[in-house]
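Enquirer: Here it is: the structure, laid out below.
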Amino acid sequence: MQKLRTEAEEEKKPNPYDTASLLSFVFYGWLTPLIKLGSKRPLEFEDVYQTPASLRSSVVFELFQSVWDKEQESNSGSGANNLGWMLVRCNMRPLLLSAVAFFLFAIVSLLQPYFIVKILEYVANGEVNFFGVTSGILISLGLVVMSFVGIVSFSVGFTQIQEVGFRTRNILIAKIFNKSLNISSCTRNERTTGDIVTLMSADTERYWVCVLLCNWLWLSPSIIGISLILLIVEFGLAAVIVTVVVGIWFLAFSRSSSLVGYYRAKIVKLTGERVKLMNEALQGIRVIKLYSWERPTVERIEQIRKQETDLMMRYQLTKMFNTVS
């Protein structure tokens, strides 16, 4: 894939993210000069840094292409057919770092209530013994340190998984675009421009969302399960009621999650149909003008767009319910 960077992009400042130290990376120190400059005056195009080298389309696509070629060589005859594993290989380091960071965040989240309970016991009774620590001040400092570690871990994990999302979407868009330039005429008749645009926009966004939520697929059940076990240990059979409520909530959440996927699939289909119709209208604009077909064409596009916006509203409401719950 050719590099498509413009002269204006080349003139931008080098991104300090590429050379940031560990502390600068964890606490976003590399971004501080830009924030200070933005507090003094509106930022100009020349003030913005270049895209980090690890996120540039040319870099990540070359890395993916090398993995793709190796996969084809090792699977001669069947070709490169394990897309998910190839994407994981291209993002192994940030994926592992995000998993470790979210694991630390989960540990801290589970331990914080015990520190709070011991602090309340110290305030009420004046005495406390928490793993041999009898000073309420030290326990309070421990809670502060654990809270700090949890916030930093979550921030680092979220940043890394965002980076994986950027890289994954860049790879898929570049691969789809390159493939669309090389498909045969017979295949091109089966795939419209609207289908290709939908693949590059809506479908790659689904991979983006999947990457952002991948850590929660193992983290959420683990936290919920351990929390229920701790509740049963602390409160006995009374915690069974909580377990039943959580089970009912989980069923409702599963149903709403299925609706999110259903609405999204319908939206993608309507988006492809709308893009296809608009592309055909633009290509045949002379015929439409000649036969005065403007009004029915616009009505048809507006009808599809209304169906799309209605489904989008349902999709966003269901997604909001999932986020809140």
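Enquirer: Share of Cα-Cα pairs in the range 200-325 beyond 24 Å, in percent?
Expert: Working: 4084 of 7875 pairs.
Roughly 52 percent, once rounded to a whole number.
Enquirer: Let me ask something else. Could you tell me the convex hull volume per residue, in Å³, taken over the Cα atoms of the range 35-159? Spell out each step's value before the answer.
Expert: Numbers: hull volume 21.1 nm³, N = 125.
That works out to 168 Å³ per residue.
Enquirer: Further question: Ignoring solvent entirely, what values of log10 I(q)/I(0) come out of the Debye formula for the chain at 0.07, 0.10, 0.15 Å⁻¹ when each Cα is a single scatterer?
Expert: Values, matching the q order: -0.47, -0.90, -1.40.
Enquirer: Something else: Could you tell me the center-to-center distance, by alpha carbons, between the range 221-246 and the range 272-303 in angstrom?
Expert: Taking the Cα centre of the range 272-303 as reference, the centre of the range 221-246 is 58 Å away.
Enquirer: Where does the chain land at 222 nm, in deg cm²/dmol rounded to the nearest 500, when only DSSP H runs of n ≥ 4 count, each adding -39500 (n - 2.57), divided by all residues? Could you put the intermediate results ahead of the total?
Expert: Values: 13 runs with 252 residues, N = 325.
So the helix-based figure for the chain works out to -26500 deg cm²/dmol.
Enquirer: Pairs of alpha-carbon atoms within less than 8 angstrom and 6+ residues apart define the contacts here; what relative contact order does the chain have, in percent? Display every interim value, and only then the final one.
Expert: On the way: 247 pairs, mean separation 48.6, N = 325.
With pairs under 8 Å counted, the relative contact order is 15 percent.
Enquirer: Quick one: how many Å² of Leu311 are accessible to a 1.4 Å probe, rounded to 10?
Expert: 20 Å²
Enquirer: Shifting gears a bit: Hey, got the Cα dimensions of the range 273-319 along the principal axes, in Å, largest first?
Expert: Answer, in whole Å and largest first: 44, 16, 8 Å.
Enquirer: About the Cα centre of the chain, how large is the charge dipole given +1 on each Lys and Arg Cβ and -1 on each Asp and Glu Cβ? Please answer in debye to the nearest 20. Walk me through the intermediate numbers first.
Expert: Numbers: 33 positive and 27 negative charges, 174 e Å.
It comes to approximately 840 debye.
Enquirer: Could you look at the chain and say what percent of its accessible area is carbon and sulfur, using a 1.4 Å probe and all protein chains?
Expert: Numbers: 13850 of 21160 Å².
About 65 percent, which is the carbon plus sulfur part of the accessible surface.
Enquirer: What order, most packed first, do the peptides 108-117, 150-159 have when packing is the mean number of other Cβ atoms within 10 Å of each residue?
Expert: Those peptides, ordered most packed to least, come out 150-159, 108-117.
Enquirer: I would also like to ask the following. Tell me which of Asn178, Gln50, Pro296 sits at the most positive position along the dipole axis of the chain, charges placed on C-beta atoms (Lys, Arg +1; Asp, Glu -1).
Expert: After comparing all options, I get Pro296.
Enquirer: In what order, largest first, do Tyr291, Tyr122, Tyr17 sit by accessible area if the probe radius is 1.4 Å?
Expert: Numbers: Tyr291 135, Tyr122 90, Tyr17 40 Å².
The ordering from most to least exposed comes out as Tyr291, Tyr122, Tyr17.
Enquirer: For Val133 and Ile223, what is the calculated FRET efficiency with R₀ set at 22 Å and r taken between the beta-carbons, to the nearest 0.05? Intermediate results must be reported in sequence, preceding the final value.
Expert: Details: r = 25 Å, r/R0 = 1.15.
In this case the efficiency is close to 0.30.
Enquirer: Here's a follow-up. Would you mind checking the pairs Lys13/Lys175; Lys175/Lys306; Lys70/Lys179; Lys276/Lys306; Lys269/Lys306 and listing those with alpha carbons more than 21 angstrom apart?
Expert: Numbers: Lys13/Lys175 28 Å; Lys175/Lys306 32 Å; Lys70/Lys179 18 Å; Lys276/Lys306 16 Å; Lys269/Lys306 14 Å.
The answer is Lys13/Lys175; Lys175/Lys306.
Enquirer: Starting from the coordinates of the alpha-carbon atoms of the range 142-238, obtain the Kirkwood hydrodynamic radius over all distinct pairs and give the value in Å to one decimal.
Expert: Values: mean 1/r = 0.0582 Å⁻¹.
For the range 142-238, the Kirkwood estimate is 17.2 Å.
The values are calculated or read from the model by the stated rules, or taken from the named source; none is laboratory data. All of these numbers come straight from a predicted model, not from anything done at the bench. Ideal geometry is used to build each Cβ from the backbone, glycine not excepted, and the neighbour counts take in all protein chains shown. In case anyone asks, the SASA skips ligands and DNA or RNA and just uses the protein heavy atoms, side chains included. Shrake-Rupley method; radii C 1.70, N 1.55, O 1.52, S 1.80 Å.
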